[in-house]
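The values are calculated or read from the model by the stated rules, or taken from the named source; none is laboratory data. Remember, it's a predicted structure, so these values are computed and weren't measured experimentally. A quick note on method: Cβ atoms are made from the backbone with ideal geometry, for glycine too, and the neighbour counts reach across all protein chains shown.
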């Protein structure tokens, strides 16, 4: 137990309570919602599911239960929360557009698009070094570990990996042509999380240049 002094009195608070008071629970922005799909902007460093305190599955269930409480979507939130399914996934460290199925039929329809590579996924990434102005094509597999020199993989943590505040990879846009009886063709976008960071970086550089 920890001790907390407040208004001249000692109050005993638990470690769990202290953690709750000092740490912010990740939130998920809703991009799209209907009776078939919930599309969200997944926070980085959040697991999809499993026996963890915070997961995408639990956060999505909370959103759907709040829909029930607010009588949205015909009051179907409670039932939908029991049938959350993932037609695709994002890695623990990756943020961005994530499509969640709210029924077997919807999940199957979306899953077929991912399996056939008909779903178009576009990512934003900040990398070490410079990319040629005319662009470049990267068709090597992404490693799930630090890559040794000479290995033919893309290293997702860059040359160091310790300088960045997070994995600088974001699922920016997802385009899917779903059945018309569901929601038809959709283009879902998750706001660029790096824009503000880059603007701050430029400001620091300008100040450093101005002050010599």
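Name the residues in the range 151-172 that are assigned to a strand (DSSP E or B) and at pLDDT 70 or above, would you?
Of the residues in the range 151-172, the ones assigned to a strand (DSSP E or B) are 154, 169-172.
169, 170, 171, 172 - these are the residues of the range 151-172 that are assigned to a strand (DSSP E or B) and at pLDDT 70 or above.
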Of the residues in the range 31-55, those that are under 18 Å from residue 172 (Cβ atoms) and over 9 Å from the mean Cα position of the chain (by Cα) come to 31, 32, 39
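Is it true that some residue in the range 173-181 is farther than 30 Å from residue 38 by Cβ and either modelled with pLDDT of 70 or more or outside any loop (DSSP other than H, G, I, E, B) (or both)? Steps first, please.
Residues of the range 173-181 that are farther than 30 Å from residue 38 by Cβ, as a first pass: none.
Checked against the condition, which is being farther than 30 Å from residue 38 by Cβ and either modelled with pLDDT of 70 or more or outside any loop (DSSP other than H, G, I, E, B) (or both), the range 173-181 yields no hits at all.
Is one or more of the residues making up the range 13-29 within 23 Å of residue 189 (Cβ to Cβ), at pLDDT 90 or above and part of a loop (DSSP other than H, G, I, E, B)? Give the derivation first.
Residues of the range 13-29 within 23 Å of residue 189 (Cβ to Cβ): 26-29.
Next cut, at pLDDT 90 or above only: 29.
Now narrow it down to the ones that are part of a loop (DSSP other than H, G, I, E, B): none.
No, the range 13-29 contains no residue that is within 23 Å of residue 189 (Cβ to Cβ), at pLDDT 90 or above and part of a loop (DSSP other than H, G, I, E, B).
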Query raised in the report: Quick check: is even one residue across the range 32-41 within 19 Å of residue 176 (Cβ to Cβ), loosely packed, with under 12 Cβ neighbours inside 10 Å and modelled with pLDDT of 90 or more?
Result: no
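Could we say that residue 80 is at pLDDT below 90 and either within 21 Å of residue 178 (Cβ to Cβ) or touching a strand residue (DSSP E or B) at 6+ places or on another chain (Cβ under 8 Å) (or both) here? Break it down into steps so the answer makes sense when it comes.
On the way: at pLDDT below 90: yes; either within 21 Å of residue 178 (Cβ to Cβ) or touching a strand residue (DSSP E or B) at 6+ places or on another chain (Cβ under 8 Å) (or both): yes.
For residue 80, the condition - at pLDDT below 90 and either within 21 Å of residue 178 (Cβ to Cβ) or touching a strand residue (DSSP E or B) at 6+ places or on another chain (Cβ under 8 Å) (or both) - is met.
Would you confirm, using the coordinates I've provided, whether residue 119 is in contact with a helix residue (DSSP H, G or I) (Cβ under 8 Å, 6 or more places away or on another chain) and modelled with pLDDT of 70 or more?
Numbers: in contact with a helix residue (DSSP H, G or I) (Cβ under 8 Å, 6 or more places away or on another chain): yes; modelled with pLDDT of 70 or more: yes.
Yes: the conditions hold for residue 119.
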